[in-house]
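**Q** Quick one: the structure is below, and I'll ask about it shortly.
The values are calculated or read from the model by the stated rules, or taken from the named source; none is laboratory data. Bear in mind the structure is a predicted one, so any value in this text is a computation, not a measurement. Counting neighbours? That spans all protein chains shown, and the Cβs are built from the backbone with ideal geometry, glycine included.
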Amino acid sequence: MSPLQNKDQVITPLDIVHDLGIIIVSKLTMESHTANIVRGCFYKLCQLRSIRRSLTTDARRTLAVAFVANRVDYCNAVLYGMSTAVTRRLQMALNAATRMVVGIGKYEHIILVLCDTLHWLPVTARIQFNIATLILRYWSCLPQATHLPSLGFVTSVDPLGWPW
């Protein structure tokens, strides 16, 4: 990219920008951001594995949520619509946290344990749930009579946040 000239200032674009813990690369692939999240998750999981035998299942679950699930969930709305390669790496970190909590083997089926035992959503569903929650919060903050250009005149908002 070439620098921009604005009167007497020269603005040089950057290839990588860090903002609110998100790494944004000029190609907008989010691979470096995902790699950073996954690296941090596996670092914490390696630390937790050394003490997992002295922890109860509830304590392991609490620590996995604090150190892994919260990292995966933080600002994950920016990952909506990204390639499956990006979300697959996050899913691998979540699967490793599930294995650490429950204590199942590397080659055993994990998605049913993730959903049924721990009540965690897969990464793509977590991203969609986060976006739906943001939309619900937005709709709940609107006044009763709101004019939206794309939807016309809305007289009320139902509890689910949909204007119709």
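**Q** Taking the condition of being of a type in the set (A, V, I, L, M), surrounded by 14 or more Cβ atoms within 10 Å (Cβ to Cβ) and outside any strand (DSSP E or B), how many residues in segment 1-58 meet it?
**A** Within segment 1-58, residues that are of a type in the set (A, V, I, L, M), surrounded by 14 or more Cβ atoms within 10 Å (Cβ to Cβ) and outside any strand (DSSP E or B) number 6.
**Q** Considering only residues that are among the acidic types (Asp, Glu) and over 14 Å from the mean Cα position of the chain (by Cα), look in segment 12-45 and name the one that is nearest to Met100 (Cα to Cα).
**A** Filtering first and then ranking leaves Asp19.
**Q** Provide a single number: the residues in segment 90-123 that are part of a loop (DSSP other than H, G, I, E, B), surrounded by 15 or more Cβ atoms within 10 Å (Cβ to Cβ) and among the charged types (D, E, K, R).
**A** Of the residues in that region, 0 qualify.
**Q** Between a residue in segment 124-142 that is assigned to a helix (DSSP H, G or I) and any residue that is at pLDDT below 90 and among the aromatic types (Phe, Trp, Tyr), which pairs come within a Cβ distance under 7 Å, given they are 6 or more apart or on different chains?
**A** Ile127/Tyr80; Ile131/Tyr80
**Q** Another question, then. Pick from segment 59-71 the residues that are of a type in the set (Gly, Ala, Ser) and surrounded by 15 or more Cβ atoms within 10 Å (Cβ to Cβ): which of them is nearest to the chain's Cα centre (by Cα)?
**A** Among them, the one singled out is Ala69.
The rows are residues; the columns are (1) within 21 Å of Ile111 (Cβ to Cβ); (2) in contact with a helix residue (DSSP H, G or I) (Cβ under 7 Å, 6 or more places away or on another chain).
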| residue | (1), (2) |
| --- | --- |
| Phe42 | yes, yes |
| Arg52 | no, yes |
| Asp58 | no, no |
| Ala97 | yes, yes |
